[in-house]
Amino acid sequence: MTISDTDKIMQLTTHPLLSDGEIHVWHIDLDRPAGELSELLSEDETERANSMLRDQDKSRFIRVRGAMRSLLGEQIGVSGGELEFELGEHGKPFISQPESALQFNLTHCDDLALLAMSERVTVGVDLERISSRPSQLKIAERLFPQSVHDELANLPSSQQDTAFFHHWTEYEACAKCQGVGIFSSGKDKSGIQTIHFSPKPEWIACLACKMSGQDQIITLKHFKFMF
């Protein structure tokens, strides 16, 4: 499997449906008004939103859940409010009702979220703002292969942050693609392909995907959620 990244973020007033051999990544600005997206949330999601003390956290939660429901529902052909989700063993959600083969994964950080989806390719996505993280070499020693830790340790300090989050997002995305917890994920990435991209300056994201038994070019398309 080869991933072809269109790189450009398309801004559309309609939501294109997935074609065979495509992965769509939706970029969602969480500081835009939630508006009618709140009507798509389940009772549990609404209760969770209302329990949040900060208005910003509440608004961002409503927008990310509502946007996810809106986009996934359109792909399946139902209202996003009709979707029901269940969690896998390690917390990766999947659509339980109505039954669907649609694969998806969501990540969010601060004011930005990414939703990756595909009809046949298992996906995982992670997003981080590049910053200095205390004890990142100790974290790398615990999580990453020794070769990666040594690579980071030998870099100039001015390059360590970007390099650390390059590997961190890849590790998280692969774990989410496999449907396992990050600390229980092995170093085995066989069959998984990754691609890094920058959704905006000083941010880094990684998409991991896996398709079993097929050699195919997969097109990655980026869209901005405008609603």
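The values are calculated or read from the model by the stated rules, or taken from the named source; none is laboratory data. Remember, predicted model here, so these are calculated numbers, not experimental data. With ideal geometry, Cβ positions are generated from the backbone for all residues, glycine too; neighbour counts draw on all protein chains shown.
Could you tell me whether region 34-43 includes any residue that is in contact with a helix residue (DSSP H, G or I) (Cβ under 6 Å, 6 or more places away or on another chain), part of a loop (DSSP other than H, G, I, E, B), over 25 Å from Pro201 (Cα atoms) and not polar (S, T, N, Q)? Explain how you work it out, then say what you get.
So in region 34-43, the residues in contact with a helix residue (DSSP H, G or I) (Cβ under 6 Å, 6 or more places away or on another chain) come out as 34, 37-38, 40-41.
When the remaining residues are screened for being part of a loop (DSSP other than H, G, I, E, B), the result is 34, 41.
Filter again for over 25 Å from Pro201 (Cα atoms), leaving 41.
This time we only want the ones that are not polar (S, T, N, Q), so: 41.
Yes, some residue in region 34-43 is in contact with a helix residue (DSSP H, G or I) (Cβ under 6 Å, 6 or more places away or on another chain), part of a loop (DSSP other than H, G, I, E, B), over 25 Å from Pro201 (Cα atoms) and not polar (S, T, N, Q).
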Discussion item. Exactly one of these conditions fails for Lys176: (1) among the basic types (Lys, Arg); (2) in contact (Cβ under 8 Å) with a residue 60 or more places away in the chain; (3) part of a helix (DSSP H, G or I); (4) surrounded by fewer than 19 Cβ atoms within 10 Å (Cβ to Cβ). Give me its number.
Written reply: (4)
Discussion item. Between Ile218, Ile204, which is part of a strand (DSSP E or B) and either of a type in the set (Asp, Glu) or modelled with pLDDT of 95 or more (or both)?
Written reply: Ile204
Worksheet entry | Residues satisfying the stated conditions in region 119-173, i.e. under 30 Å from Asp20 (Cβ atoms) and in a helix (DSSP H, G or I) | Thr169, Glu170, Tyr171, Glu172, Ala173
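Would you confirm whether or not region 102-124 contains a residue that is under 28 Å from Trp168 (Cα atoms), more than 16 Å from the chain's Cα centre (by Cα) and surrounded by fewer than 16 Cβ atoms within 10 Å (Cβ to Cβ)? Give the derivation first.
Quick first cut of region 102-124, residues under 28 Å from Trp168 (Cα atoms) only: 102-124.
Next, from what is left, pick out any that are more than 16 Å from the chain's Cα centre (by Cα): 120.
Next, only the ones that are surrounded by fewer than 16 Cβ atoms within 10 Å (Cβ to Cβ) stay: none.
No, every residue in region 102-124 fails to be under 28 Å from Trp168 (Cα atoms), more than 16 Å from the chain's Cα centre (by Cα) and surrounded by fewer than 16 Cβ atoms within 10 Å (Cβ to Cβ).
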Discussion item. Exactly one of these conditions fails for Phe94: (1) under 17 Å from the mean Cα position of the chain (by Cα); (2) closer than 29 Å to Ala163 by Cβ; (3) without any contact (Cβ under 8 Å) to a residue 12 or more places away in the chain. Give me its number.
Written reply: (2)
Worksheet entry | Number of the exception - Glu86 against (1) assigned to a strand (DSSP E or B); (2) crowded, with 20+ Cβ neighbours inside 10 Å | (2)
Worksheet, complete the sentence: In the set Leu53, Leu114, the lone residue that is outside any helix (DSSP H, G or I) and in contact with a His (Cβ under 7 Å, 6 or more places away or on another chain) is Leu114
Worksheet item: Among Phe104, Phe61, which is the only one that is assigned to a helix (DSSP H, G or I) and either at pLDDT 95 or above or of a type in the set (Gly, Ala, Ser) (or both)?
Response: Phe61
Worksheet item: Looking at region 142-178, which of its residues are among the charged types (D, E, K, R) and at pLDDT 90 or above?
Response: Asp150, Glu151, Asp161, Glu170, Glu172, Lys176
Fill in: Top-ranked residue in region 38-83 [being closer than 16 Å to Phe227 by Cα and among the β-branched types (Val, Ile, Thr); ranked as surrounded by the most Cβ atoms within 10 Å (Cβ to Cβ)]
Ile62
Practice prompt. May I ask you to list pairs of residues, at least six apart or on different chains, whose Cβ atoms are under 8 Å apart, with the first in region 25-38 being closer than 27 Å to Thr219 by Cβ and at pLDDT 95 or above and the second being among the basic types (Lys, Arg) and buried (at least 21 other Cβ atoms within 10 Å of the Cβ)?
Written response: Ile28/Arg63; Leu30/Arg60; Leu30/Arg63
Worksheet item: So, of the residues in region 179-201 that are modelled with pLDDT of 90 or more and assigned to a loop (DSSP other than H, G, I, E, B), which turns out to be surrounded by the most Cβ atoms within 10 Å (Cβ to Cβ)?
Response: Pro199
